[in-house]
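Written out below as structure tokens is the structure these notes cover.
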Amino acid sequence: MDLFPIFLKLTGRPCLVIGAGNLAESKIESMRAANGKVTVIAPQASLRILDMAASGEIEYLQRPYAEGDVQDYFLVVTATNVPAVNRAVYLEATSKNIICNAVDDPPFCDFYFPSVVRRGDLQIAISTAGASPALAQRLRKEINAQLPLDTGDWLTDLGNLRREVVAAEPLNEERKLILHQLAQREVCGFDQCPSRTLAREHARTNPLPQSNDKAQQ
């Protein structure tokens, strides 16, 4: 199966979850972590989901799924314990060109939830296309054990330094090379950080061209 790997922006987008048990909890929390606007429909809900609804993190509609519920949603997840309901949700969603995931039912999924290793803005997602979630979880644990805990902080400093380089140098091979060099170095937030000093020295030898206005002054 050929899958298109993608990191999707969900901020403010309406997301629907059918079902409110243990299967649904982690899916809801992952969408909320991406700032999706989540609505849950189910006759009953777990205590965790009820707490999220009570605090205003999600909207909870206490009733069974009904045809037409998926209308106007950007993304749909169905996680009930009734396969026929999950498949009905999936078929309705796909008929309206809405991407849908039927939890633990790979043939009825447009996408899969990967196992994810997180360090700040760094995310490493692992997918087996539904073939073995257990393998994906094992690999996640192995990568997580090897990745330093401060990688997220380092990435934040590296991103800030990258923006400085992009603002100071023209788009060319020299800029590409210095960015690759910086990605292999220790980077800190201090003004006199050796990597920041290296970037400034490089910018002096590879400056942005002056605009016509400045050249005529």
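The values are calculated or read from the model by the stated rules, or taken from the named source; none is laboratory data. Since the structure is predicted, the reported quantities are computational estimates derived from the model, not experimental observations. Neighbour counts are summed over all protein chains in view; Cβ atoms, including those assigned to glycine, are modelled from backbone coordinates with ideal geometry.
Key figures for this structure:
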read-out: Strands (runs of 3 or more DSSP E) within the stretch 73-186 that include 3 or more residues closer than 18 Å to A24 by Cβ and either within 24 Å of the chain's Cα centre (by Cα) or of a type outside the set (D, E, K, R) (or both); value: 75-78, 99-102
read-out: Residue identified as more than 30 Å from F111 (Cα to Cα), at pLDDT below 85 and among the polar types (S, T, N, Q) among N212, N172; value: N212
read-out: Tally, over the stretch 128-140, of residues that are at pLDDT 90 or above and surrounded by 12 or more Cβ atoms within 10 Å (Cβ to Cβ); value: 6
read-out: Candidate set: the stretch 18-60, residues that are free of Cβ contacts under 8 Å to residues at least 60 places away in the same chain, assigned to a strand (DSSP E or B) and closer than 20 Å to A84 by Cα; chosen: the one farthest from the chain's Cα centre (by Cα); value: A42
read-out: Residue within the stretch 48-55 that is touching a strand residue (DSSP E or B) at 6+ places or on another chain (Cβ under 6 Å), in the same structural domain as K9 (by TED's automatic domain parsing), surrounded by 13 or more Cβ atoms within 10 Å (Cβ to Cβ) and closer than 13 Å to L16 by Cα present; value: no
read-out: Lone qualifier among E25, E59, E67, E29 - being in contact with a strand residue (DSSP E or B) (Cβ under 8 Å, 6 or more places away or on another chain), acidic (D, E) and not assigned by TED's automatic domain parsing to the domain that holds A129; value: E59
read-out: Qualifying residues in the stretch 99-121 (those that are hydrophobic (A, V, I, L, M, F, W, C) and buried (at least 19 other Cβ atoms within 10 Å of the Cβ)) - the one nearest to C15 (Cα to Cα); value: C100
read-out: The stretch 72-98, subset buried (at least 16 other Cβ atoms within 10 Å of the Cβ) and without any contact (Cβ under 8 Å) to a residue 60 or more places away in the chain, residue nearest to F4 (Cα to Cα); value: I98
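Residue-by-condition table, conditions (1) within 22 Å of G152 (Cα to Cα); (2) touching a helix residue (DSSP H, G or I) at 6+ places or on another chain (Cβ under 8 Å); (3) in the same structural domain as L161 (by TED's automatic domain parsing):
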position	(1), (2), (3)
E174	no, yes, yes
H180	yes, no, yes
R185	yes, yes, yes
R196	yes, yes, yes
A199	yes, yes, yes
